[in-house]
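A short worksheet on the structure shown next.
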Amino acid sequence: MFGRTSRIEKLKNQAEDTSFDLLGSFESLYEEVRPFVERLLYDDDLRNNIRTLIDSGRRIYDEVSGQSPTEVVSRLWDDDKLRREVEAAVAAAEAGSRRIRGEKVRDGGSSSGKILFVLAAATGVLFLNPKTGPAARRFAREAYSSLASRS
């Protein structure tokens, strides 16, 4: 229109001008993915981590499906079996992600991760519980505002 090329024509010309090396792109993709595929094929511990993660996730989903978030948090707080399943899934995911990256994995597990999980669950129960939630949120808001006013 009036001697100007449309955007579609520009993109079409640009696509025709660029040469695409399909074989080269597959080779580079293969070189990038190869270490991960080899670890999946030959690392039994990595496959066990993936299997544990999937099995634990399936059991957790079966236990809490159809429940509200507040009920799920209270179940995590009260039900030791469900909490152990979540901890097993988290540990398997951590170990699997380290193994896929080629890092060394300690078999003892990290106690700091478990402590962090328990603190997060306790905070969630405290703030989401209908009985304690409003008071806890009010306290947190007042504490934050008093700390912010000092600065």
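A few remarks follow.
- Scanning the stretch 42-56 for residues that are in contact (Cβ under 8 Å) with a residue 12 or more places away in the chain and among the β-branched types (Val, Ile, Thr) yields 50, 52.
- Filter result for residue 51 (among the basic types (Lys, Arg), farther than 25 Å from residue 114 by Cβ, surrounded by 10 or more Cβ atoms within 10 Å (Cβ to Cβ) and modelled with pLDDT of 80 or more): no
- Entry remark, the stretch 54-64: residues being hydroxyl-bearing (Ser, Thr, Tyr) and surrounded by fewer than 16 Cβ atoms within 10 Å (Cβ to Cβ) number 1 in total.
- Of the helices (runs of 4 or more DSSP H) contained entirely in the stretch 65-151, those carrying at least 2 residues that are open to solvent by 70 Å² or more (accessible area, probe 1.4 Å) and closer than 30 Å to residue 40 by Cβ fall at 80-100, 111-128.
The values are calculated or read from the model by the stated rules, or taken from the named source; none is laboratory data. A quick note: this is a predicted structure, and the numbers were derived from the prediction, not measured. Cβ sites come from the backbone with ideal geometry, for glycine too, and all protein chains shown count toward neighbours. The accessibility values were calculated without ligands, DNA or RNA, using every heavy atom of the protein model including side chains. Shrake-Rupley method; radii C 1.70, N 1.55, O 1.52, S 1.80 Å.
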